[in-house]
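Each remark here refers to the structure printed beneath this line.
The values are calculated or read from the model by the stated rules, or taken from the named source; none is laboratory data. Everything numeric here is computed off the predicted structure, so don't read it as measured data. As a convention, Cβ positions derive from the backbone with ideal geometry for all residues, glycine included, and neighbour counts pool all protein chains shown.
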Amino acid sequence: MDLCPDDLLAHLDDTISRLGVEDSGLPERAAAESGATCLYAVYDPATRRCTMARAGHPPPVIISPEGDVSIPDLPAGLPLGVGPASFEAVDVELPEGCVVAFYTDGLVETRHQDIDAGIQRLGAVLARPDRPLDELCAAAFDTLPARALEDDATLLLARPRSLLPSQIATWDLPNDPVVVAHARALATAQLTGWGLEALVATTELIVSELVTNAVRHGAGPITLRLIRHEVLVCEVTDTSDSVPRLRHARPTDEGGRGLFLVAQLASRRGTRNSPAGKTVWAEQEINPPLS
């Protein structure tokens with residue numbers, strides 16, 4: 001559904017509560033005998049920004065390239081399914097070369113050690129970000145006494161990478177119908193510079209439709225962004241929170257085929273909302289598989 005982390009946790013919480021009521025036939029609070037914890041994070045390699053929210057789960061541990069350990073100030077929230085809850089997302093900028101640790105409480109909390117001490121122990125073990133991730137994982141578990149594994153213990157380490165400035169092209173455009181042709185020209189010039197001439201025709205159509213929708217149905221200034229990585233991503237952002245809807249136009253309809261066309265040309269597409277508006281995006285394979 002391409003939701004922000006806090007919205008996704010709220011949606012998941014509602015789903016779990018509803019399923020609990022349907023399965024048990026009991027009132028909502030009585031249906032949830034125990035809750036599940038969750039930590040959800042979305043990382044943008046173009047900006048190095050990581051947006052996180054948690055539902056009663058231990059916070060992540062971030063190890064800087066210099067080995068400094070920090071824990072984001074991330075509101076805990078209630079576990080999923082235990083009752084009405086609200087969740088809050090926090091943005092964290094991750095430095096190049098850092099390591100981020102996600103883990104279950106079984107790794108840091110035992111009968112003989114509280115969770116804060118366990119998190120400090122985990123951070124101290126991981127404060128060698130230059131080492132391979134599998135070695136860091138092994139070292140973290142090697143520090144646990146045999147009796148400590150009284151609960152499931154899981155550790156996930158990530159070393160986020162960022163995109164080079166040469167892989168990203170961004171333009172701020174006015175909300176004006178005449179800007180559509182200019183947006184196509186900007187995209188064409190950028191793809192030519194990247195050596196992606198084979199994708200010019202399809203990208204022009206995608207850019208035209210997404211920018212036209214932003215002008216027609218959105219509000220405020222428009223941002224067009226192209227990202228070249230393993231795939232080519234086209235993003236159009238505006239300040240409206242209305243989500244475009246894919247329609248199946250009838251033969252007699254004059255319009256309504258734009259997003260359907262984008263869906264046919266793109267390998268993946270979607271819409272993600274933010275407090276400032278929405279971003280409609282479409283991906284294309286740079287080297288499409290042979291049919």
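In the stretch 164-189, how many are surrounded by 14 or more Cβ atoms within 10 Å (Cβ to Cβ), over 14 Å from Ser208 (Cα atoms) and small (Gly, Ala, Ser)?
Residues meeting the conditions: 1.
For Pro177, which of the numbered conditions (1) farther than 25 Å from Tyr40 by Cβ; (2) in a helix (DSSP H, G or I) fails to hold?
(2)
Identify, please: which residue in the stretch 233-244 is within 17 Å of the chain's Cα centre (by Cα) and not acidic (Asp, Glu) and is, among those, farthest from Glu283 (Cα to Cα)?
Restricting attention to the stretch 233-244, the residues satisfying the condition of being within 17 Å of the chain's Cα centre (by Cα) are 233-237.
Filter again for not acidic (Asp, Glu), leaving 233-234, 236-237.
Numbers: Val233: 4, Cys234: 6, Val236: 12, Thr237: 15 Å.
Ranking the qualifying residues of the stretch 233-244, first place goes to Thr237.
Return the total of residues in the stretch 66-90 being over 20 Å from Gln120 (Cβ atoms), in contact (Cβ under 8 Å) with a residue 40 or more places away in the chain and not aliphatic (A, V, I, L, M).
Pass one, the stretch 66-90, residues over 20 Å from Gln120 (Cβ atoms): 75, 77-90.
From the residues that got through so far, the ones that are in contact (Cβ under 8 Å) with a residue 40 or more places away in the chain too are 77-83, 85-89.
Now drop any that are not not aliphatic (A, V, I, L, M), which leaves 77, 79, 81, 83, 86-88.
Number of matching residues: 7.
Among the residues of the stretch 213-259, count how many are modelled with pLDDT of 85 or more and farther than 18 Å from Trp171 by Cβ.
Number of matching residues: 4.
Out of Glu135, Glu96, report the one residue that is closer than 30 Å to Ser274 by Cβ, surrounded by fewer than 13 Cβ atoms within 10 Å (Cβ to Cβ) and modelled with pLDDT of 90 or more. Please lay out each step first, then the result.
Values: Glu135 fails: closer than 30 Å to Ser274 by Cβ.
The conditions single out Glu96.
Could you tell me whether the stretch 110-123 includes any residue that is in contact with a Leu (Cβ under 9 Å, 6 or more places away or on another chain), modelled with pLDDT of 95 or more and not in a loop (DSSP other than H, G, I, E, B)?
No: zero hits.
Taking the stretch 77-102, which residues are part of a strand (DSSP E or B) and in contact with a Ser or Thr (Cβ under 6 Å, 6 or more places away or on another chain)?
If we filter the stretch 77-102 for residues that are part of a strand (DSSP E or B), which is where we start, we get 80, 90-93, 99-102.
Listed by number, the list holds a single entry, Asp91.
Touching a Phe, Trp or Tyr at 6+ places or on another chain (Cβ under 9 Å) and within 18 Å of Asp152 (Cβ to Cβ): does that describe Leu107? Give the steps one after another, and end with the answer.
Numbers: touching a Phe, Trp or Tyr at 6+ places or on another chain (Cβ under 9 Å): yes; within 18 Å of Asp152 (Cβ to Cβ): yes.
Spelling it out, Leu107 is indeed touching a Phe, Trp or Tyr at 6+ places or on another chain (Cβ under 9 Å) and within 18 Å of Asp152 (Cβ to Cβ).
Any idea which residue in the stretch 191-227 is nearest to Lys278 (Cα to Cα), counting only those that are surrounded by 18 or more Cβ atoms within 10 Å (Cβ to Cβ) and not hydrophobic (A, V, I, L, M, F, W, C)?
Gly218
Can you find a residue in the stretch 224-234 that is more than 17 Å from Ala266 (Cα to Cα) and out of contact with any Asp or Glu (no Cβ under 8 Å at 6 or more places or on another chain)? Walk me through how you get there before you give the answer.
Of all residues in the stretch 224-234, those more than 17 Å from Ala266 (Cα to Cα) come to none.
No - not one qualifying residue is present in the stretch 224-234.
Please specify each residue of the stretch 49-76 satisfying the condition of being outside any loop (DSSP other than H, G, I, E, B) and either closer than 24 Å to Ser274 by Cα or assigned by TED's automatic domain parsing to the domain that holds Ser274 (or both). Explain how you work it out, then say what you get.
Keep residues of the stretch 49-76 that are outside any loop (DSSP other than H, G, I, E, B), which gives 49-56, 61-63, 69-70.
Correct list: Arg49, Cys50, Thr51, Met52, Ala53, Arg54, Ala55, Gly56.
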